[in-house]
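Contents: one structure, followed by commentary.
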Amino acid sequence: MTEAVLLQPHDKDLGGGFKVRRLLPAARRRSVGPFVFFDHFGPATETPGKEHDVRPHPHIGLATVTYLFEGAMMHRDSLGVVQEIRPGAINWMTAGRGIVHSERKPEPLLDATYVNHGLQLWAALPQAFEEVEPSFSHTAADQIPAMEVQGIPVRVLVGEAFGARSPVKTYSKTLYLDLALPAGARFELPALADEMAVYAIDGPLRLDGSPVAQHQMATLPDRQGGVLEADDAVRVVIIGGEPLDGPRYITWNFVSSRRERILEAGEAWAAQRMGHVPGETEFIPLPGHPFVVQGQEPDVKTTPV
């Protein structure tokens, strides 16, 4: 990459009217560092009787990274982990060779009205670690390094920046920051990683003088930083890291450097051989396309990242 690229959000309905803004993968930029998937959900008001639960579903070859600004979610997985996700915490689930999980409304909030707002990212695992044993790691909000840099509140969610290191363990160099720019702010962002991008959560800003609208993502030229400016207060996240160590294929909930591995995972999920979330009987079925084409052998048609 030699110049910045501006990415537009695409709305995706995950079911029940629960919509997310998807920034990655995009036609103009498939990945930023290890991140191959970037979803921004909410703010969405949850009310009694309204359910946006995500039933058990599988993953391979990636790590999900969940971060809330508001609200709560209950994570359950096939390892037996039960973890309530709250604002400010980082929840890193390594799928590796395969894991199954659900994301539901916490039981104490079934009769409550509250707002859910957050991000879920996928980090592709390096090829040497694509088939590691699955695991789940919860890092509480008070364990995340927080400081002021150039007068700007900064949280180092994942990786290392400004002399602070997040306790979240990763498989490759990964960067994930949360900045709260006040009105009239100017922030000089150094080149903290080989690849970086800026996402405007709740308002517009400027990157090196060029406008970045709310809900847009702007990449930076490789191994370069930039200057962020905001007329009004805006929350910003920075993502990045070292480039992927080869192309990745993304199909449904699966990420792999090998097309045939995607097929294997689809067959395993269709046969319910990938594990089960204890106490749950529901699951999201394997989509027919692109795994099965009527009258033909299963096929995977994916675009490499």
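Here, each number is a calculation from the coordinates, and none is a lab measurement. These numbers come from a predicted model, not from an experiment. With ideal geometry, Cβ positions are generated from the backbone for all residues, glycine too; neighbour counts draw on all protein chains shown.
Rounded to the nearest 0.05, what FRET efficiency do residue 271 and residue 13 give with R0 = 30 Å and r taken as the Cβ-Cβ distance? Could you check? Could you put the intermediate results ahead of the total?
Working: r = 28 Å, r/R0 = 0.93.
In this case the efficiency is close to 0.60.
List the GluC sites (Glu not before Pro) within the stretch 250-282 that DSSP assigns to loop and that have no more than 11 neighbouring Cβ atoms inside 10 Å. The partial results should precede the final answer.
On the way: sites: 260, 264, 267, 280, 282; in loops: 280, 282.
Qualifying residues, ordered by number: 282.
Give the Kirkwood hydrodynamic radius (Å, one decimal) of the chain, defined as one over the mean of 1/r across all pairs of different Cα atoms. Walk me through the numbers before you get to the answer.
Values: mean 1/r = 0.0503 Å⁻¹.
Evaluated on the chain, it is 19.9 Å.
Protection proxy ranking of 36-44, 106-114, by the mean of other Cβ atoms within 10 Å over each peptide's residues and highest first, is 36-44, 106-114. Nearest 10 degrees, 0 to 90: what angle lies between the long axis of helix 259-270 and the longest principal axis of the chain (Cα atoms)? Around 60 degrees separate the two axes. Straight-line reach from residue 19: which aspartates and glutamates have Cα under 14 Å away, leaving out those fewer than 8 places along the same chain? Answer for residue 19, where 14 Å is the Cα cut-off: 11, 39, 46, 51, 53, listed by chain and number. Distance between the pseudo-spin-label points of residue 213 and residue 264 (7 Å out from Cα toward the beta carbon): 4.4 nm.
Subtract the Cα-Cα distance of residue 86 and residue 183 from 0.36 nm times their separation in residues, and report this length gain in nm to one decimal.
Working: separation 97, 0.36 × 97 = 34.92 nm, distance 2.70 nm.
So the chain would gain 32.2 nm between residue 86 and residue 183.
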